[in-house]
Amino acid sequence: MNRKFLLTVVVMLSVTLVTACVSTRFFMSFETVTNETNDPSLGQAVVSSMANQNLEEAESHIREAWSLADKAAEERASNAAAQQQASNALNPTSQDNTQAGDPTQPGTETPTNNGQTAAKPNDGKLYTEADFAAVDALLADGETFKSLYMDACICGDSVIAAMSEYDFLDEPYCLGKVGASLYYLEEQIETIVSLNPKHLILHFGTNMLSDSEDYLYYSFIATYVDLCEQLQARMPGVHIVISSLLPMDPEVQASEPAYMMRSAYNQALQEMCAEHGWDYMSNEELASAHLDYLEPDGMHYNYYFYEDYWLKFIYLQAGIGA
């Protein structure tokens, strides 16, 4: 066997081995990065580079992927302690079916991060017809939901987008997008800051439901905290209200493992608010009493739910008119 042929064989085996290693590292890193960022573009770049036999470029993308994965691991480690602290602060006997709160108990005072004191509302209080009648009186006296919400900004997914689609509220006081995740909130930070609202109501999570508890705490909650802290830092006096995820039709909720995590997401949101001094607004009792207002998809609510109940409830619960 001559040296030239032997050298060719060695080179071919080396390329095959490197390619195999690259492929293995790619699939490990691509899976990790996709889970953490929900963005497959980096993996697609690796595939393209390997298809063009550009191993150097592929290796560069792979190193970037591993770097992102390492950062995600560091974030998980740093957030784990904070999540544990928040969990320990809760009543250990608290369960999701009591999460709506006891309307007979008075509100409490909760210190916020900036040293101020925020009034914590009666989470999930099912307001009486007399309470709603007070809002009805304002509306009958010439007010509209648009005028009542002038000191507030509400941002979220499709259930918030419906508020402007039904012409109850106008942009930019109502920032909603069908299919929105927390990345939409990040995109709207400058708009929200420019408004400098007195009250900021946020409703996110339905489009980020996952049956993974790691994703719930280390991605969804961690991102939510980061964005809210950015907003609070730039608007120190803002009153942040975190809205719980609305109930679904029971059959729809049972149809997907991720949907079954809705209660766990609401519990995590409540823990997040308890730790950071933001107000948690439970919609559980109100919406559960009016599931007949659900649209045929079993997830969204119709025009009359907003007009008759939810917009009045938010106005009262968030203290917008106080």
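All of the numbers you see were taken from the coordinates with simple rules; none came from a lab. Just so we're clear, the structure is a prediction, and the values are computed from it rather than from any experiment. No Cβ is skipped: glycine too gets one built from the backbone with ideal geometry, and neighbour counts run over all protein chains shown.
Odds and ends about this structure:
- Placing dummy labels 7 Å off each Cα toward the beta-carbon, the span from A130 to E171 is 4.2 nm.
- Cα-based shape type of segment 116-262, given that a ≥ b ≥ c are square roots of the gyration tensor eigenvalues and the cut on a/c is 1.5: oblate
- Given charges at Cβ of Lys, Arg, Asp, Glu: segment 109-317 dipole, positive-most of L202, C228, C155: C228
- Cβ-Cβ FRET estimate between D297 and A233, R0 fixed at 45 Å, reported to 0.05: 0.75
- Potential extension, A258-H290 segment - 0.36 nm per residue separation minus Cα distance: 9.2 nm
- One decimal place: the segment D214-A322 gains 35.0 nm when fully extended, by the rule 0.36 nm per residue minus the C-alpha distance.
- Gyration tensor (alpha-carbon) shape descriptor, segment 181-322, a/c threshold 1.5: oblate
- Other residues whose C-beta falls under 12 angstrom from the C-beta of D297 contribute a net charge of -3, scoring Lys and Arg +1 and Asp and Glu -1.
- Amide H to amide H distances under 5 Å link I240 with L200, D279, where only residues 5 or more positions off or on other chains count and H is placed in the peptide plane.
- The 3J(HN,Hα) values that the Karplus relation (6.51, -1.76, 1.60; θ = phi - 60°) gives for segment 132-142 are, in residue order, 5, 4, 5, 6, 4, 5, 5, 5, 5, 8, x Hz. Gly and Pro appear as x.
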